[in-house]
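In what follows, a single structure is set out as structure tokens and then discussed.
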Amino acid sequence: MPFSSPGPRAVRQTAGAFGAVALIALCAAPAVAADGPATGLALGTIAPFDKVKPGSELPLSPTFTNTGTAALDKVWLSYSVTRGLGQSAVPSNCLSYTVGSAAEEPGHTQLVCEFDQPVQTGVVYAPERPLTLKALDRALYEHVQVTVDSSAPVPDDGAAAPVHGTAAALKLVERPDEKTPPAGAASSADVAVNAVNTADLQVGGAQLKGKAGDTVTLRVRFANAGPAWVRPQPGQRAAHVLVTLPEGTSAVRTDTLCTNTGAESYACGTGAPWVNEHESRTYTFKVKLDKAVPGARGYVELGSEARPFDHVKKNDTARITLAVSGGTDTTGGGSTGDGGSKGGDSTGGTGSTTSTGGTGTGTDGGTTTTNGTTGTTSGTGTTGDLTTGGSDSTGGNLAATGAGPALPLAGAAAVAVVVGAGVVVAARRRGGRED
């Protein structure tokens, strides 16, 4: 069933899982006089999906009612689907398209189905068969926004070209056994889909090495080793990273995503509220080696956000070790991380970075890696080996090993929300840490 050709346009605002989204409607109904028939559509209740296993199918069969006083010639059902959910058989009277990520909103898929048949007042309708979604391997905290409308929403800015489905067309059927939606029911609803899955967020440290007075490059890492991506609740962020420099050093230049929280401690954002699977970021600092301080160590740590999905805790913390010529080597050899224990010998290393699936390098403004070639960076003050280790290894591959859109860069304002959480690190540095 072909979609109607464009006619007069109207603008409608809807709020849902992706925030307020302007939908420009095609074929808007002509204006009616003030005493003309009223129109309205209301969705029935849609239960959330909980404890969903990746790979399982999710049937969606929303019901709705025309609550107005006049019949409608046609209606549209649309589904906004977060990126942890997929669909296979799209009916031929439906369009699908993807919408790219914006500053505060991750990308999603939109499906719009047109039903070219009369919809009487007071009758409960539903598609004759469910729209089936599938929980992908990256599924964790997902949402589907379902909307019923009397005009056709079209793709907003940043959307790919719509594609017609190829499966058998859907039609609406009456559901006399279903209850009519209560008075005041909305035409749009958010449906939560919570998957049983994990995401391993991890950090990697570094070794600072040089002569007293030298300025060297420090690169530390954050990554999500997957398999799930992490989409937080609206207004929240999935993660941030706390960086504390060792005593005897001072930052000359900081990464653009990092904010000083007192002394030589920094709170670093991830560039977006969400974290895709197999995303990684390198935070780059210019650090002056002021003096050799026996026993001095810095730390890289995940912030205070709740992470019930992350079952690997030993790579939530890593060390920044210090070796200044003419003083005492406090590291015993150098390592990227302490496995969360802040004790034991390090693996040793030359201060090189190796990553697989990403560039493994950082610039002074930070680097996000997603899918690319193997790269190696070596030199004074760089990170240690991020992919291997002994008792003090990070416990996981910090390189980006899978495909996924790079996290968009944000300015200092993007990490302002994590400044307060970083104060605790400043207090630790001033008071010293027990190994």
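The values are calculated or read from the model by the stated rules, or taken from the named source; none is laboratory data. Small disclaimer: the values here were computed from a predicted structure and weren't measured. Cβ coordinates were reconstructed from backbone atoms using ideal geometry, including for glycine residues, and neighbour counts include every protein chain displayed.
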Inset, instruction - Sort through Val220, Val252 and tell me the only one that's farther than 27 Å from Asp310 by Cα, out of contact with any Leu (no Cβ under 8 Å at 6 or more places or on another chain) and of a type in the set (A, V, I, L, M, F, W, C). - result: Val252
Legend entry - Lone unmet requirement of (1) touching a residue at least 60 places away in the same chain (Cβ under 8 Å); (2) touching a strand residue (DSSP E or B) at 6+ places or on another chain (Cβ under 9 Å) for Gln236: (2)
Inset, instruction - Could you list all residues from region 274-302 that are in contact with a helix residue (DSSP H, G or I) (Cβ under 9 Å, 6 or more places away or on another chain) and either assigned by TED's automatic domain parsing to the domain that holds Gly107 or surrounded by 24 or more Cβ atoms within 10 Å (Cβ to Cβ) (or both)? - result: Gly298, Tyr299
Inset, instruction - From the list Val119, Val99, Val124, pick out the single residue that is surrounded by 16 or more Cβ atoms within 10 Å (Cβ to Cβ) and closer than 21 Å to Thr82 by Cα. - result: Val99
Inset, instruction - Please give the number of the condition Asp177 fails out of (1) outside any strand (DSSP E or B); (2) under 14 Å from Thr65 (Cβ atoms); (3) in contact (Cβ under 8 Å) with a residue 12 or more places away in the chain. - result: (3)
Legend entry - Selection from region 145-166 of residues that are more than 26 Å from Thr65 (Cβ to Cβ) and part of a strand (DSSP E or B): Ala159, Val163, His164
Inset, instruction - Quickly run through region 216-275 and pick out the residues that are under 26 Å from Val52 (Cα atoms) and part of a strand (DSSP E or B). - result: Ala223, Asn224, Ala225, Gly226, Pro227, Val230, Val275
Inset, instruction - Restrict the check to region 18-27 and report whether at least one residue is at pLDDT 90 or above and assigned to a strand (DSSP E or B). - result: no
Inset, instruction - Examine region 199-220 for a residue that is hydroxyl-bearing (Ser, Thr, Tyr) and modelled with pLDDT under 95, and state whether such a residue exists. - result: no
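Okay, residues lined up against (1) assigned to a strand (DSSP E or B); (2) under 21 Å from the mean Cα position of the chain (by Cα):
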site	(1), (2)
Thr98	yes, yes
Ala103	no, yes
Tyr125	yes, no
Thr132	yes, no
His143	yes, yes
Inset, instruction - Go through region 180-205 and give me each residue that's part of a loop (DSSP other than H, G, I, E, B) and among the aliphatic types (A, V, I, L, M). - result: Ala183, Ala185, Ala186, Val196
Inset, instruction - Considering only region 200-221, state which residues are of a type in the set (S, T, N, Q) and within 29 Å of Val275 (Cα to Cα). - result: Gln202, Gln207, Thr217
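Per-residue answers, yes or no, for (1) at pLDDT 95 or above; (2) more than 18 Å from Gly86 (Cβ to Cβ); (3) crowded, with 20+ Cβ neighbours inside 10 Å; (4) not aliphatic (A, V, I, L, M):
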| residue | (1), (2), (3), (4) |
| --- | --- |
| Phe115 | yes, yes, yes, yes |
| Ala135 | yes, no, yes, no |
| Glu142 | yes, no, yes, yes |
| Val146 | yes, no, yes, no |
| Ala152 | no, yes, yes, no |
| Asp157 | no, yes, no, yes |
| Ala161 | no, yes, no, no |
